[in-house]
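Heads up, the thing below is written out as structure tokens.
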Amino acid sequence: YIVTFMRPGRKRIGEIVNKLLGEKESIRSGELASAVGITRQAAHRHLAALAREGILRREGAGRGSVYLPKGLAEDRFKYRRQGLEEDKVWEDVHGRAAALETLSDNVERIAHYAFTELVNNAIDHSGAEAVEVRFLPHPDSIIFEVSDDGVGIFEHVRCKLGLPDAFAAIQEISKGKVTTDPARHTGEGLFFVSKIADYFEIESGGLCWRVDNRRSDVSAAHVPDRRGTRARFEVGRFKSGTLADLFAEYTRDYEFSRTRIVVKLFSIGDRFMSRSEAKRLLNGLDRFREVVLNFSGVNEVGQGFADEIFRVWASAHPAVKLEPVHMRPAVAFMVERARRGLVA
């Protein structure tokens, strides 16, 4: 929907404007008048009001005026990767992409942060010939994609960290503090980008990691294979949460010390039974002071899985606080049993 206002007297007008714009790229006042059954003058007043509110944009004058969705056409920019600098790319697109016009200071800071992190990743790690940036039109959100034609992020991480497969690379990236170039990167960038977004996804090598913070859901899925990497970032134009809020949630004494793990990302299905599954989940978590384990969507855990995490690993790492959340009764039973040291 291009028009999203819902005031009772204008709801029907908005629905018809959306319908007309779904059939063609622009409309005239006469077309709206015929569709609604009002005068041309009344239709013009409605369209002019939408233009003043920034929902539509007007081109032409008088009877020749046409109205289009604000930022209807996507903006696309392509750069040679060699010698590219992410701050220079931001400066370039900031003055040219319609989607970046008239943003609040907060949303502009969020978009700036996420954009430069994603472009920097493509510059430093992809080995690509080119990096492409797209801004997609949407009335309520800033949506952009950063794509490259390089080796692919999951394959790059898999090779550098010696992981068994690309799925394991997604698991490690989702924890935070994972980097293939520790001298130049902390490994925190993608983690924070995924948390500040309303929706975030990375697609590479036939896999897609999706983080939907609107629904508190994280998933990995098989998708058609493609060369390189495509990262998509979405944030609402009226988002109230700030970068400062986000960093405060995950840091202590200026250190990135807290992470959230979505347990279901570490297995196919909703059952976790073995110690080996637990060990994959726990890998690298000793880098944090606090680990939140989100058990949403998990129906069952085995004794070995729970014992490995909440007794064996917890005893070996007393400085790390483990906080399980969103547990179903059967899961909570096994977790509490392991914490009390009741080994079968």
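The values are calculated or read from the model by the stated rules, or taken from the named source; none is laboratory data. Every value quoted in this text rests on a predicted model; they were computed, and no experiment measured them. Here the Cβ is made from the backbone with ideal geometry for all residues, glycine too, and neighbour counts use every protein chain on show. To get the accessible areas, we keep the full protein, side chains included, count just its heavy atoms, and leave off ligands, DNA and RNA. Shrake-Rupley method; radii C 1.70, N 1.55, O 1.52, S 1.80 Å.
Distance between the C-alpha centres of the range 137-154 and the range 218-274: 16 Å, rounded to the whole angstrom. Estimated at the nearest 10 Å², the accessible area of Ile123 is 20 Å² with a 1.4 Å probe. For His94, the accessible surface of its heavy atoms amounts to roughly 70 Å² (probe 1.4 Å, protein chains only, rounded to the nearest 10).
If the segment from Ser276 to Glu59 were pulled out straight at 0.36 nm per residue, it would be longer than the present Cα-Cα gap by 71.9 nm.
Working from label points 7 Å from Cα in the Cα-to-Cβ sense, the Arg96 to Arg214 distance is 2.9 nm.
Report in % the part of the accessible area of the range 273-340 that belongs to carbon and sulfur, leaving out ligands and nucleic acids; probe 1.4 Å. C and S atoms contribute 50 percent here. Label sites at Ser296 and Glu129, each approximated as a point 7 angstrom past Cα along Cα to Cβ, lie 4.1 nm apart.
Among Cys159, Cys208, what's the order by accessible area (1.4 angstrom probe), most exposed first?
Working: Cys159 80, Cys208 0 Å².
Most to least solvent-accessible, the answer reads Cys159, Cys208.
Mean separation of Cα pairs under 8 Å and 6 or more residues apart, divided by the residue count, gives the range 213-343 a relative contact order of 22 percent. Multiplying the residue separation of Phe238 and Arg12 by 0.36 nm and removing their Cα-Cα distance gives an extension gain of 78.9 nm. Here the range 22-110 exposes an accessible surface that is 44 percent carbon and sulfur, computed with a 1.4 Å probe and the other protein chains kept in place.
Work out the length of the dipole vector of the chain about its Cα centre, built from +1 on the beta-carbon of each Lys and Arg and -1 on the beta-carbon of each Asp and Glu, and round it to the nearest 20 debye.
Numbers: 53 positive and 49 negative charges, 232 e Å.
Charge dipole of the chain: 1120 debye, to the nearest 20.
Compute the FRET efficiency between Asn283 and Gln82 as 1/(1 + (r/R0)^6), taking r as their Cβ-Cβ distance and R0 = 30 Å, and round to the nearest 0.05. Could the numbers behind the result be given before it?
On the way: r = 34 Å, r/R0 = 1.14.
Given R0 = 30 Å and the Cβ-Cβ separation, E is 0.30.
Counting only protein heavy atoms and a 1.4 Å probe, the chain has 49 square angstrom of accessible area per residue.
Under the definition of Cα pairs under 8 Å and six or more residues apart, what whole-number percent is the relative contact order of the range 95-220? It rounds to 16 percent for the range 95-220. Across the options Trp90, Asn121, Val17, the greatest Cα extent toward the positive end of the charge dipole of the chain (unit charges at beta carbon of Lys, Arg, Asp, Glu) belongs to Val17.
List, in the order given, every pair from Lys195/Lys264; Lys19/Lys239; Lys19/Lys78; Lys160/Lys264; Lys78/Lys264; Lys177/Lys279 whose Cα-Cα distance in the structure shown is over 29 Å.
Lys19/Lys78; Lys78/Lys264
Hey, what did the chain get for relative contact order, percent, Cα under 8 Å, at least 6 apart? Walk me through the numbers before you get to the answer.
On the way: 592 pairs, mean separation 36.5, N = 344.
11 percent.
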